[in-house]
There are 2 protein chains.
Amino acid sequence: MSTQPQLCHSNCDDCPIRHRAVCAHCDKDELEELEEIKYYRSFEAGQTVIWSGDQMSFVGSVVSGIATLTQTMEDGRTQMVGLLLPSDFVGRPGREGAPYDVVATTDLVMCCFRKKPFEELMARTPHIAHRLLEMTLDELDAAREWMLVLGRKTAREKIASLLSIIARRDASLTKRGMSGPMVFDLPLTREAMADYLGLTLETVSRQISALKKDGVIHLEGKRHVTIPDMGRLMEEAGDDTDGGFLV
Amino acid sequence: MSTQPQLCHSNCDDCPIRHRAVCAHCDKDELEELEEIKYYRSFEAGQTVIWSGDQMSFVGSVVSGIATLTQTMEDGRTQMVGLLLPSDFVGRPGREGAPYDVVATTDLVMCCFRKKPFEELMARTPHIAHRLLEMTLDELDAAREWMLVLGRKTAREKIASLLSIIARRDASLTKRGMSGPMVFDLPLTREAMADYLGLTLETVSRQISALKKDGVIHLEGKRHVTIPDMGRLMEEAGDDTDGGFLV
DNA sequence: GGCCCTACTTGATCTGAGTCAAGGTCCTTC
DNA sequence: GAAGGACCTTGACTCAGATCAAGTAGGGCC
C-alpha cells in the first residue's frame, strides 16, 4: 500500500508502470475503489485485443509489449493510427464501440479497469476526468503531428520521423536520457512500419538501408538500432521543433 | 434570456450556433458566469487567428465562416490538420501554446470565452469537463479517420472523401437532410483542399474535373457543387461505413 | 546438420501524382 | 469596358514510390 501521492492506485506496484490516467493525487478511498475494479489481461503477439465496432468493456494501460491501433479498408489497405507502448492508456470513457482494431504486435500485458465503474468514479472525481482530458489532448496533438508526416513528408523523412519518435519514447521510458548515441530495438516489423507511415514494406526496407549507408543509423541484425547523432536524425526527419510527440 | 436547458448560455441567442461545449444542462448561475467572460472576435479572410507557439487566451466556437488548423515545415510544405466550420469548438483548456496555426479561410466570427475563468468554471463544473472530453474524443476520431485518408487513399478517393465530409457537415448544419441530391458551395480554394489532402492544387483540379466528367458530381462555376448520388460518392471515397466524421 | 518459414533485401519496371508552363475565367476597380 | 489579378484548368514531362519478382538471413525444430 503505497501512500506517496505520485504513485497511482495501491497495487500497481506490480506493474512496471503506474496508471498515468489515474495516478497522482488519488486519495486512499479512490485507490481502494480502483483496486476493486482492476484486473490484468494478456495477449499473444498477433492477437486482436478489440475489433473495430466491438464494445469496449474496459479502459487501461499497457504494462508490457506493443499494441497498435489500425484501420482497414474493404480491399485490405491498412493504416495504423496509433502506437501503444508501455505506460500508454487505451480507452474511450463515455464511448461504446471502438472505431479501430487494437492489435497486439508483440506479447502484451495490460492492466485494465472495468469500464462502467471506472466511468462512475470518473464522474465523481474531477481530477481523474481532468487527467483524461489532458491525455486525450496529447493524443490529439500526436495524431495531428502524424498527419503532417503522412501528408507531406518523403519516404526517407517518414522513416527518420518514426525512428526519432521511437528513440525518444525509449529514452524517456528507460530514463536513459538523450545525450550520446541512442540504442534500441525496433519494436515493429518492416510491414508494421509501412502501415504506420503509409508506405510499402519494400520502400521501408530501402530507406532504412539508405539511412544506414549514409551513416545516419547503424544496424546490428535487422532490429538493433544505434543512432550516433540524434540531431542528424531529426534533420533527416525535417523536424524543426525538438518537441516529442506520439500517442 | 432563454431558459430551455437545450440552449447554452443565455445571450448566445445572437449566435446562430450554441456553444456546444457548454450547452445543455448549464444552470442559471453558470450561464451568467459564462456571460461575463464572453466576447466576440472577427477576422478577415486570410488573417491568422493564432500563430503556432502563441499563447491562447481564449476558448470558443466558430459562429460564421471557416478556419483551418495548419502545420508548416521550414521549407514551406503545409498540411491542414483540421477544418473548423460554424459550431466547431476551438481551444485547449489546460494548455498554453498552440501547436499549429489557426487561419481564417473566409471572413470569420468567433464567440469566445476568456480562458482562465473558463478553466476555473470547468474545474468546478463536471458536466462541462465531461462535454469537453467528449468533444476532444470526437476530434481524435476525426483525426484518425483522416490519417487513413492521407496515408492510404488515392487522389480521386481523397477528393471524394473531402466532398462527402463537407456535404454531410453541410446537411447537418442546414438540417436539410441527406436524402436526394446534395447541393452546397465549396468553402475552400483548390489550394486549401490540396493542403488538407496532402496533394498539389493541380491534382485537386484534375480529379475534380474527372469526377465531374464521370457524373459523380456536377459543378456550376468553380465552387457550386451538386451531388446527385451520395452513395456513389461514398463508394468513390472508398468508405464502407456510413459514419460521418470530421473535426 | 539440414529443412522450413518468416522476415527482410534488392533489382527491374511501371505509374500516379508532382512539376513546370501556358492559358482561361471571372471578379474588381477605375 | 478595359486592365489587372486571383483562382482555376489543362498539357507535357519527370520522378518518387509502388509493384512484381527474385533472391538472402536467421531462428526454430526435427
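Would you check if residue B:160 is under 14 Å from the mean Cα position of the chain (by Cα) and within 14 Å of another protein chain (Cβ to nearest Cβ)? Give the steps one after another, and end with the answer.
Numbers: under 14 Å from the mean Cα position of the chain (by Cα): no; within 14 Å of another protein chain (Cβ to nearest Cβ): yes.
Judged against the criteria, residue B:160 is not a match.
Before we move on, is residue A:114 surrounded by fewer than 20 Cβ atoms within 10 Å (Cβ to Cβ), away from every other protein chain (no Cβ under 13 Å) and modelled with pLDDT of 95 or more?
For residue A:114, the condition - surrounded by fewer than 20 Cβ atoms within 10 Å (Cβ to Cβ), away from every other protein chain (no Cβ under 13 Å) and modelled with pLDDT of 95 or more - is not met.
Any idea which of B:151, B:177 is among the small types (Gly, Ala, Ser) and within 16 Å of DNA strand D (Cβ to nearest atom)?
Working: B:177 fails: within 16 Å of DNA strand D (Cβ to nearest atom).
Result of the check over B:151, B:177: B:151.
Can you name the number of the only condition in (1) within 16 Å of DNA strand C (Cβ to nearest atom); (2) on the phi < 0 side of the Ramachandran plot that residue A:165 fails?
(1)
Among (1) out of contact with any Lys or Arg (no Cβ under 8 Å at 6 or more places or on another chain); (2) closer than 24 Å to residue A:134 by Cα; (3) among the hydrophobic types (A, V, I, L, M, F, W, C), where does residue B:59 come up short?
Here residue B:59 clears every test but (1).
Among the residues in region A:224-232, are any crowded, with 21+ Cβ neighbours inside 10 Å and within 13 Å of DNA strand C (Cβ to nearest atom)?
yes
Looking only at residues that are more than 10 Å from chain B (Cβ to nearest Cβ) and not in a strand (DSSP E or B) in region A:48-75, which one is nearest to residue A:116 (Cα to Cα)? Can you show your working first?
Here is the first cut: in region A:48-75, the residues more than 10 Å from chain B (Cβ to nearest Cβ) are A:48-51, A:54-68.
Checking the rest, the ones that are also not in a strand (DSSP E or B) come to A:51, A:54, A:56-57, A:65-66.
On the way: A:51: 19, A:54: 16, A:56: 10, A:57: 8, A:65: 26, A:66: 25 Å.
The selected residue is A:57.
Check residue B:137 against each of (1) more than 9 Å from chain A (Cβ to nearest Cβ); (2) buried (at least 20 other Cβ atoms within 10 Å of the Cβ); (3) more than 16 Å from DNA strand C (Cβ to nearest atom) and name the one condition it does not meet.
Only one criterion in (1) more than 9 Å from chain A (Cβ to nearest Cβ); (2) buried (at least 20 other Cβ atoms within 10 Å of the Cβ); (3) more than 16 Å from DNA strand C (Cβ to nearest atom) is unmet by residue B:137, namely (1).
Considering only region B:194-216, how many residues are away from DNA strand D (no atom under 11 Å from the Cβ) and either surrounded by 14 or more Cβ atoms within 10 Å (Cβ to Cβ) or hydroxyl-bearing (Ser, Thr, Tyr) (or both)? I'd like the intermediate steps shown before the answer.
Step one: list which residues in region B:194-216 are away from DNA strand D (no atom under 11 Å from the Cβ), which gives B:195-199, B:214-216.
Imposing the further condition that a residue be either surrounded by 14 or more Cβ atoms within 10 Å (Cβ to Cβ) or hydroxyl-bearing (Ser, Thr, Tyr) (or both) reduces the set to B:195-199, B:216.
Matching residues across region B:194-216 total 6.
What pairs come out if I take residues in region A:200-221 that are within 14 Å of chain B (Cβ to nearest Cβ) and closer than 14 Å to residue A:163 by Cα and pair them with residues that are near DNA strand D (Cβ under 9 Å from one of its atoms) and among the small types (Gly, Ala, Ser) whose C-beta lies under 6 Å away, six or more apart or interchain?
Listed pairs, sorted by first residue: A:204/A:194.
Could you please find all residues in region A:92-125 being assigned to a loop (DSSP other than H, G, I, E, B), within 25 Å of residue A:196 (Cα to Cα) and in contact (Cβ under 8 Å) with a residue 60 or more places away in the chain?
Of everything in region A:92-125, those that are assigned to a loop (DSSP other than H, G, I, E, B), within 25 Å of residue A:196 (Cα to Cα) and in contact (Cβ under 8 Å) with a residue 60 or more places away in the chain turn out to be A:105, A:106, A:107.
Please find, among A:178, A:147, A:193, the residue that is within 12 Å of DNA strand C (Cβ to nearest atom) and not polar (S, T, N, Q). Break it down stepwise before answering.
Details: A:178 fails: within 12 Å of DNA strand C (Cβ to nearest atom); A:147 fails: within 12 Å of DNA strand C (Cβ to nearest atom).
Exactly one of A:178, A:147, A:193 is within 12 Å of DNA strand C (Cβ to nearest atom) and not polar (S, T, N, Q), namely A:193.
The values are calculated or read from the model by the stated rules, or taken from the named source; none is laboratory data. What you are looking at is a predicted structure, and each value in this text was computed from that prediction instead of being measured. Cβ atoms come from the backbone with ideal geometry, glycine included; neighbour counts cover every protein chain shown.
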